[in-house]
Amino acid sequence: MGCRPRIPAGMVELRNYIGGNWVDAEGNRRIDDVNPATGEIIASVPQSSAADVARAIDVAHKTFEHWRKVPAPKRAEIMYRVGTLLRERKEDLARKMTREMGKVLVEARGDVQEGIDMAFYMAGEGRRAFGHTTPSELPNKFAMAVRDPIGVAGIITPWNFPMAIPTWKTFPAIVLGNTVVFKPATDTPMLALELVKIFEEAGLPPGVMNLVFGSGSVAGEVLLKDERVRLISFTGSNEVGRHVASEAGLGLKRISLELGGKNAVIVMDDADLDLALDGIVWSAYGTSGQRCTACSRVIAHEAIHDQLVERLAARVKTLRLGDGLLETTDVGPVINRGAAESIDRYVEIGKAEGAQMVVGGGIASEGDLAKGSFYRPTLFTGVRPDMRIAKEEIFGPVLSVIKVKDFDEAVRVNNGVTYGLSSSIFTQDVNRVFRAIRDLESGLLYVNAGTTGAEIHLPFGGVKGTGNGHREAGVAALDFFSEWKSVYIDYSGQLQRAQIDA
Ligand code: NAD
């Protein structure tokens, strides 16, 4: 992406959305939004200044006073309309997504579907958002806990699920009565704009949802520092996540961090290998390995290791790289040239560490692929758990196979990384399944399925270095986006002292 002062004819020109108005950023600084499969420039994107973001925060802060008092079922009616519009536009949004970030169309449709599911789920919460009542220890006294909205939510998102992740954050925030300043990833502004247009069309009052485009270091930073922003919901890399934690932590904000992963599929000696192969290929190479839950390690029991590797290599060789809009494509581009180069550096590290690269390796540049950013689906065997390619998040179509002797070693290898997002085990043995549920350190666990495929009504998130203990989606999201208020109502007509008079 480069700075461009003027907008060529025919290019889509994006604007910030602040207080219900579509506005240019101060100074009209802009960058290009590029299709990673073709190199085509698809939009011109404003680069907000600190003052632009401060204006958005100001509007969100003032709007909160009104929005928090709108009954939650009324807020939820808007969310039903958002869900309906998303459903009507699913195909168009999926195509735009593939054009903007590269994932193949079938996966882009799934990304939009997550947003649709989340809209209807959170719309339902408008008539639940349950608190609780509980007996008081004192006579003639009533006790309950209710959910309060918190205030301005700063929402900072990555590019790999450009519709799903913003919906996981903005939908619960808004239904629960918060207002939002949303800063999407610089690589996927178009999908953020489409989502905000849908909110506008669905009748969301001005100022509840505000959108600011721009870099993390300028626009994102303001959200972390401004004291009027009371919570930050961040999904992205560990490096930036740590910075978010320290910077926003200074202001005592509520902070949810959803960070990287180094997810593993364990294949035991009794596994259905056909099924395991399907699960591994889908979760390792889908979205070109750029899902936070992508499988990047296979932990294979020695009894089936050689057979599994041979069959896996044969499958990976058949994967076809290309533009995700083409039906012939299995694996789309990676997000940009810098990402392709970073993946390639890891592949070189793997070779230097002594792992055997049995398939792939290298940025692909034959024919039309030269116009985009494509990395060949890559498979390493002979990987040891202490190698960097077995420990660090690569975020590309690179898979490492690690051989183990038994179940206990498989658990040790699975748990021997700093991350803990998603794990999977293929086995027919119910005893092993329950030991896996007990012993694998991860926020998500799949039995006889790959590492991806979360459903929106269950808690989503990871343990250890994948985050800071919060969960998105499901009922767990309500706890992050609301504040508990405990209320005591004494109707005895006299002073009753808890712990003293009881
Ligand atoms: P990133 O950390 O580079 O960027 C994420 C967001 O943070 C972007 O919007 C970026 O502009 C913003 N940002 C950057 N610097 C900032 C700063 N100083 N202050 C405030 N905001 C700042 O991540 P990415 O490359 O967009 O996404 C890939 C990463 O996201 C991977 O590590 C992946 O595992 C992770 N991810 C995690 C989950 C999860 O739920 N655990 C889901 C998807 C992606």
Scan the strands (runs of 3 or more DSSP E) fully inside region 165-240 and keep the ones with 2 or more residues being within 28 Å of GLU125 (Cβ to Cβ) and over 18 Å from the mean Cα position of the chain (by Cα).
209-211, 229-235
Being under 23 Å from the mean Cα position of the chain (by Cα) and closer than 25 Å to LEU275 by Cα is the requirement here; does ALA476 meet it?
no
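For region 236-251, how many residues are open to solvent by 60 Å² or more (accessible area, probe 1.4 Å) and either within 6 Å of the ligand (Cβ to nearest atom) or in contact (Cβ under 8 Å) with a residue 60 or more places away in the chain (or both)?
Of region 236-251, the ones open to solvent by 60 Å² or more (accessible area, probe 1.4 Å) are 239-240, 242-243, 246, 250.
Those left that are additionally either within 6 Å of the ligand (Cβ to nearest atom) or in contact (Cβ under 8 Å) with a residue 60 or more places away in the chain (or both): 240, 243.
Of the residues in that region, 2 qualify.
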Would you pick out the residues in region 395-411 that are within 16 Å of the ligand (Cβ to nearest atom), of a type in the set (Gly, Ala, Ser) and closer than 14 Å to VAL298 by Cα?
none
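Which residues, taken from region 331-342, are within 13 Å of the ligand (Cβ to nearest atom) and in contact with a helix residue (DSSP H, G or I) (Cβ under 8 Å, 6 or more places away or on another chain)?
To start, the set of residues in region 331-342 that are within 13 Å of the ligand (Cβ to nearest atom) comprises 334-336, 338-339, 342.
Within region 331-342, VAL334, ILE335 meet the criteria.
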When you go through SER288, SER256, SER233 one by one, which is the residue that is open to solvent by less than 10 Å² (accessible area, probe 1.4 Å), in contact with a His (Cβ under 6 Å, 6 or more places away or on another chain) and within 14 Å of the ligand (Cβ to nearest atom)?
SER256
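If you check ARG254, ARG291, ARG297, ARG311, which single one turns out to be touching a residue at least 12 places away in the same chain (Cβ under 8 Å), of a type in the set (D, E, K, R) and not assigned by TED's automatic domain parsing to the domain that holds VAL358? Walk me through it before giving the result.
Numbers: ARG291 fails: not assigned by TED's automatic domain parsing to the domain that holds VAL358; ARG297 fails: not assigned by TED's automatic domain parsing to the domain that holds VAL358; ARG311 fails: not assigned by TED's automatic domain parsing to the domain that holds VAL358.
ARG254 is the lone residue from the list that is touching a residue at least 12 places away in the same chain (Cβ under 8 Å), of a type in the set (D, E, K, R) and not assigned by TED's automatic domain parsing to the domain that holds VAL358.
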Cβ-Cβ distance below 8 Å, separation of 6 or more or different chains: which pairs start in region 214-229 with a residue that is under 10 Å from GLN47 (Cα atoms) and not assigned by TED's automatic domain parsing to the domain that holds ASP33 and end on one that is at pLDDT below 95 and in a helix (DSSP H, G or I)?
none
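Do the conditions hold for THR427, that is, is it away from the ligand (no atom under 16 Å from the Cβ) and either under 23 Å from the mean Cα position of the chain (by Cα) or closer than 20 Å to ALA276 by Cβ (or both)?
Numbers: away from the ligand (no atom under 16 Å from the Cβ): yes; either under 23 Å from the mean Cα position of the chain (by Cα) or closer than 20 Å to ALA276 by Cβ (or both): yes.
Here the answer is yes, as THR427 does meet what is asked.
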Just checking, how many residues over region 195-213 are more than 16 Å from the ligand (Cβ to nearest atom), in contact (Cβ under 8 Å) with a residue 12 or more places away in the chain and either within 14 Å of ILE165 (Cα to Cα) or out of contact with any helix residue (DSSP H, G or I) (no Cβ under 8 Å at 6 or more places or on another chain) (or both)?
1
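Inspect all residues belonging to region 350-368 and state whether any of them is in contact with a Ser or Thr (Cβ under 6 Å, 6 or more places away or on another chain), open to solvent by less than 70 Å² (accessible area, probe 1.4 Å), more than 16 Å from the ligand (Cβ to nearest atom) and over 28 Å from GLY322 (Cβ atoms).
Within region 350-368, the first condition is being in contact with a Ser or Thr (Cβ under 6 Å, 6 or more places away or on another chain), and the residues that meet it are 356, 358, 360-361.
Now narrow it down to the ones that are open to solvent by less than 70 Å² (accessible area, probe 1.4 Å): 358, 360-361.
Filter once more, so that each one left must be more than 16 Å from the ligand (Cβ to nearest atom): 358, 360-361.
After this cut, where a residue has to be over 28 Å from GLY322 (Cβ atoms) as well, the list is none.
Scanning region 350-368, I find no residue that is in contact with a Ser or Thr (Cβ under 6 Å, 6 or more places away or on another chain), open to solvent by less than 70 Å² (accessible area, probe 1.4 Å), more than 16 Å from the ligand (Cβ to nearest atom) and over 28 Å from GLY322 (Cβ atoms), so the answer is no.
Do we find a residue being out of contact with any Phe, Trp or Tyr (no Cβ under 9 Å at 6 or more places or on another chain) and closer than 27 Å to ASN263 by Cα anywhere in region 477-496? Steps first, please.
So in region 477-496, the residues out of contact with any Phe, Trp or Tyr (no Cβ under 9 Å at 6 or more places or on another chain) come out as 479-486, 492-496.
Those still in the list that are closer than 27 Å to ASN263 by Cα too: 479-480.
Looking for residues that are out of contact with any Phe, Trp or Tyr (no Cβ under 9 Å at 6 or more places or on another chain) and closer than 27 Å to ASN263 by Cα, one finds at least one in region 477-496, hence yes.
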Residue under question is THR170, and the condition is that it be among the hydroxyl-bearing types (Ser, Thr, Tyr), within 21 Å of GLY474 (Cβ to Cβ), crowded, with 21+ Cβ neighbours inside 10 Å and free of Cβ contacts under 8 Å to residues at least 60 places away in the same chain; does it hold?
yes
Can ALA276 be described as open to solvent by 10 Å² or more (accessible area, probe 1.4 Å) and either of a type outside the set (Val, Ile, Thr) or in a loop (DSSP other than H, G, I, E, B) (or both)?
no
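The values are calculated or read from the model by the stated rules, or taken from the named source; none is laboratory data. None of these values were measured; they are calculated from a predicted model. Neighbour counts run over all protein chains shown; Cβ positions are idealised from the backbone, glycine included. All accessible areas refer to the heavy atoms of the entire protein, side chains included, with ligands and DNA or RNA removed. Shrake-Rupley method; radii C 1.70, N 1.55, O 1.52, S 1.80 Å.
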